[in-house]
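Quick notes on the structure that follows.
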Amino acid sequence: MLGTTAVAANAVAGTITNFAIIPGTAVSLAITTVVGQIAGAGDNKLAVKKARTLLLWSYLCMGITCMLLFALCPYIVSLYNLEEVTKDLALEIIKFFSIVCLLLWSPVL
């Protein structure tokens, strides 16, 4: 069973990391619409090209937000009134998420 420290750190980290995936979610919606329209028009080569371009934009946007989150997470977490142990655990979760999100989130759109 998880203790109060782990639950609180997970809640804070989960709230903060949701902001990091907003650009990726937006690009995901755009890929669905744009590629669907182009493929529906019968231009499969252009659909693949647009999908790759939008995936590149997703990587770029996610890279920026994840790097900002990684760099600014100590300041963001300090806005919460957490005990030192909980704060350290939340920072660890957020930093781990920032790295994994940057590498794996966009291809899984």
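FYI, it's all coordinate maths here, none of it is from the lab. A quick note: this is a predicted structure, and the numbers were derived from the prediction, not measured. A quick note on method: Cβ atoms are made from the backbone with ideal geometry, for glycine too, and the neighbour counts reach across all protein chains shown.
The length gained by stretching the chain between Glu92 and Tyr75 to full extension, at 0.36 nm per residue less their Cα-Cα distance, is 4.8 nm.
Computed from phi, the 3J(HN,Hα) profile of the stretch 29-38 under the Karplus parametrisation 6.51, -1.76, 1.60 (θ = phi - 60°) reads 5, 5, 4, 4, 6, 5, 5, x, 5, 5 Hz, with x in place of Gly and Pro. Of Thr32, Thr65, Thr86, which is the most mobile in a GNM of the chain whose springs link Cα atoms less than 10 angstrom apart? Greatest mean-square fluctuation among the candidates belongs to Thr32.
Volume of the convex hull of the stretch 18-104 (Cα atoms only), normalised per residue: 72 Å³.
Note that the stretch 79-85 has calculated 3J(HN,Hα) couplings of 5, 8, 8, 10, 5, 4, 5 Hz, one per residue in order, obtained from phi through the Karplus relation 6.51 cos²θ - 1.76 cosθ + 1.60 (θ = phi - 60°); glycine and proline are x. Each Lys or Arg adds one and each Asp or Glu takes one away; over the other residues whose Cβ falls under 13 Å from the Cβ of Val35, this sums to +3. Placing +1 on each Lys and Arg Cβ and -1 on each Asp and Glu Cβ, with no other charges, gives the chain a dipole about its Cα centre of roughly 580 debye. Computed 3J(HN,Hα) for the stretch 42-56, one whole-Hz value per residue from the Karplus formula 6.51 cos²θ - 1.76 cosθ + 1.60 where θ = phi - 60°, is x, 9, 5, 5, 5, 4, 5, 4, 5, 4, 5, 4, 5, 5, 4, glycine and proline marked x. Taking springs between alpha-carbon atoms closer than 10 angstrom, which of Gly63, Gly36, Gly14 fluctuates most in the Gaussian network model of the chain? Of Gly63, Gly36, Gly14, the Gaussian network model singles out Gly36 as fluctuating most.
Pairs of Cα atoms nearer than 8 Å and 6+ residues apart set the relative contact order; for the chain it is 40 percent.
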